[in-house]
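Student: Provided herewith is a single structure, encoded as structure tokens, for subsequent inquiry.
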Amino acid sequence: MSDVYERFVGLLGGFGVEPAEVQGTDTFSDLDLDSLALVEISLALQGEFGIDVDDDELVADNTVDEAVKVIESKMVAV
């Protein structure tokens, strides 16, 4: 697993998600994260990774792996 994946899953721990239970194929809905939590996660990503994530880039149907790809692509662009 990549460093970005590990850091992102660790960040999810602050939102009531048990990091050890997270799978890359889990959607945010599977993890019981609602739209408000996704907005808060977007803000947390700015602090953790120094990137801006738009509201439409993290949605309930995204998987953890898809979110990590978004993060990695934005980190390359920075």
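Student: May I ask you to evaluate 6.51 cos²θ - 1.76 cosθ + 1.60, the Karplus curve with θ = phi - 60°, for each residue of segment 13-27 and list the ³J(HN,Hα) values in order in whole Hz, giving x for glycine and proline?
Tutor: 3J(HN,Hα) across segment 13-27, in whole Hz: x, x, 10, x, 9, 7, x, 5, 8, 7, 10, x, 8, 5, 8.
Student: Right, something else. Can you list, bin by bin at 5 Å, the percent of alpha carbon pairs in the chain, starting at 0?
Tutor: 3, 16, 32, 30, 14, 3, 0
Student: Can you give me the long-range amide H partners of Thr63? Hydrogens built in the peptide plane at 1.01 Å from N, cutoff under 5 Å, separation of 5 or more residues or another chain.
Tutor: none
Student: Okay, moving on. Given the peptides 65-75, 51-61, arrange them by the average over their residues of other C-beta atoms within 10 Å, most packed first.
Tutor: Numbers: 65-75: 16.9, 51-61: 13.5.
Per-residue mean Cβ counts within 10 Å order the peptides as 65-75, 51-61.
Student: Treating only the Cβ atoms of Lys and Arg (+1) and Asp and Glu (-1) as charged, compute the dipole magnitude of the chain about its Cα centre; round to the nearest 20 debye.
Tutor: Values: 3 positive and 19 negative charges, 60 e Å.
With only Lys, Arg, Asp and Glu charged at Cβ, the dipole is about 280 debye.
Student: Then there is this: If each of Val39 and Thr27 carries a label point 7 Å out from its Cα toward its Cβ, how far apart are those two points in nm?
Tutor: Placing both labels 7 Å beyond Cα along the Cβ direction yields 2.1 nm.
Student: For the chain, build the charge dipole from Cβ charges (+1 Lys, Arg; -1 Asp, Glu) around the Cα centre, then report which of Ala67, Leu45, Leu33 sits farthest towards its positive end.
Tutor: Of the options given, the answer is Leu45.
Student: List, in order, the whole-Hz ³J(HN,Hα) value for each residue of segment 5-12 obtained from phi through the Karplus relation with A = 6.51, B = -1.76, C = 1.60 and θ = phi - 60°; use x for Gly and Pro.
Tutor: Karplus-based 3J(HN,Hα) across segment 5-12 equals 4, 4, 5, 5, 5, x, 4, 4 Hz.
Student: Could you run the Karplus curve 6.51 cos²θ - 1.76 cosθ + 1.60 with θ = phi - 60° over segment 48-59 and give me ³J(HN,Hα) per residue in whole Hz, x for Gly and Pro?
Tutor: Listing the rounded values in order: 6, 10, x, 10, 9, 10, 6, 4, 7, 8, 10, 10 Hz.
Student: Go ahead and estimate [θ] at 222 nm for the chain from helices alone: -39,500 (n - 2.57) per DSSP H run with n ≥ 4, summed, over the residue count, rounded to 500.
Tutor: Details: 3 runs with 39 residues, N = 78.
The helix-only estimate for the chain comes to -16000 deg cm²/dmol at 222 nm.
Student: Can I ask one more? Spin-label point model (7 Å from Cα, Cβ direction): what's the Asp55 to Val76 distance in nm?
Tutor: 2.8
Values quoted throughout were computed directly from the atomic coordinates according to the rules given, and no laboratory measurement underlies them. What you are looking at is a predicted structure, and each value in this text was computed from that prediction instead of being measured. As a convention, Cβ positions derive from the backbone with ideal geometry for all residues, glycine included, and neighbour counts pool all protein chains shown.
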